[in-house]
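Below is one structure, written out as structure tokens; the observations come after it.
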Amino acid sequence: ETFPRGIPTDRLSASDVAELLRTLAGGLPLPEGHSAPALRVASKLLLGSPRALAALAKSSVTTFVTADETVTTSATAGTGSSGSADESVMAEADGGVWTEFVALCLAALSGASGRSSNLASELKPLLELLRGLVSACGGELMDRVWYLLSELIGPAAAAAPTLKVRLLLEEELGQLPWHCVRVQSRDAEFTSALAALQPVLPVVGSLVVGRLDWGPYFEAVSEGTLEGSTLGPLLRSALEAHLSVSGALNSRAHFLIFGEVRGAADAAGEDDTTRAVDTRALRATHDAAWAKLPAISFARALDGGVLLRALLRAKGMSEPTERVLQAVRLLGRLATQLGTVEAAVVAVQESRALLFVALTPAPAAAAAAAAAAAAAAVCAAREGAPLAAAVVARALPETVTKCSVSISGRPAALR
């Protein structure tokens, strides 16, 4: 802790800070539970050097060095490709500051791998430093923070899945400006990484899904810059966030994904300016993007229990009837649009799983579920597969015309 006291950090250049971070990383990992001080030293070096902060803030290349020592930049992010670490790229970006910081974090967290008792104590100074860097450098740093989360922090949390670690990550990461992330419109692996994060950190995953600006992403898909297959993982992530957390998606993101405005209950926390959306323009973007979704990606994104598990995670914390119906309607529209047996089957399986959770009289909801089953049967018949059509038609029980997916007033049924 006393290491930086004799160093005039305000006079250090970006390359000086990078060199000192490299020295710190060279001494890691330390014995169990002793890596946190090294991260606190790094915090004093980084936050105390105006030149290092300015270099990070002015970085024109989004760079993240992964555990296998490859580097992903904004030039390669659109294809999801990586190249070997290039010192000239690092120098152009920030003098190597972020590269050495990531290497330090990797060394510190690798020492705590599998030791859940110490991971929280070593994560805390790292997360506090991240918040300090973002506060000092602005939202431009958030693309890099995303890669740090998905490539390093997320896997570390998966190796030590404790309540203390999850609560710490939820508290600290919830304070970051995720709406500033822009890499989702360039990185073909972004939605897959997001979908992989949610089982490990469901609250953090839902938070990121809900706060991101999805407009550039949907435009990239509709224009062909990104493959339509990337919509599959996003569909799963959005459904999980939408059903497990009331109001998880802002009005713009909700319309782009579901093609309809949010319910009154979900929009209650937004002001009039945020709630107002250009539905005509968003509808065009929504339709153009989802038309690029391949049937195989739709089928792989669902397993017949995505909606149910999201509801169970919510544990009846809010009345989810309208959100459930919006999810079922989206799946029904996409399955009908795709027109394949596989797409129809998974859409019906998702709806059927909900019917066995809570069955309460609600004609409108029952009609929506019945329509999904009918659309599935029609799709199968169009494919020239009468046997498959018969199977799909039986996927929902006969009671579908009498019961609904509504669980209004019965949150206990979800516990």
With GLU170 itself left out, Lys, Arg at +1 and Asp, Glu at -1 over residues whose Cβ is under 14 Å from its Cβ give +4
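Over the stretch 295-341, give the accessible area per residue in Å² for a 1.4 Å probe, as an integer.
Details: 1850 Å² over 47 residues.
In whole numbers, the stretch 295-341 has 39 Å² accessible per residue.
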Starting from the Cα of ALA288, move 7 Å in the Cα-to-Cβ direction to define the label point; list residues of the stretch 182-200 whose amide nitrogen is under 19 Å from there. 184-187
Ranked by how many other beta carbons lie within 10 Å on average, peptides 174-181, 245-252 from highest: 245-252, 174-181
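The values are calculated or read from the model by the stated rules, or taken from the named source; none is laboratory data. From a predicted model like this one, the values you see are computed outputs, not experimental measurements. Here Cβ is always computed from backbone atoms with ideal geometry, including for glycine, and neighbour counts include all displayed protein chains. Please note that ligands, DNA and RNA were not included when accessible areas were found on the heavy atoms of the full protein model with its side chains. Shrake-Rupley method; radii C 1.70, N 1.55, O 1.52, S 1.80 Å.
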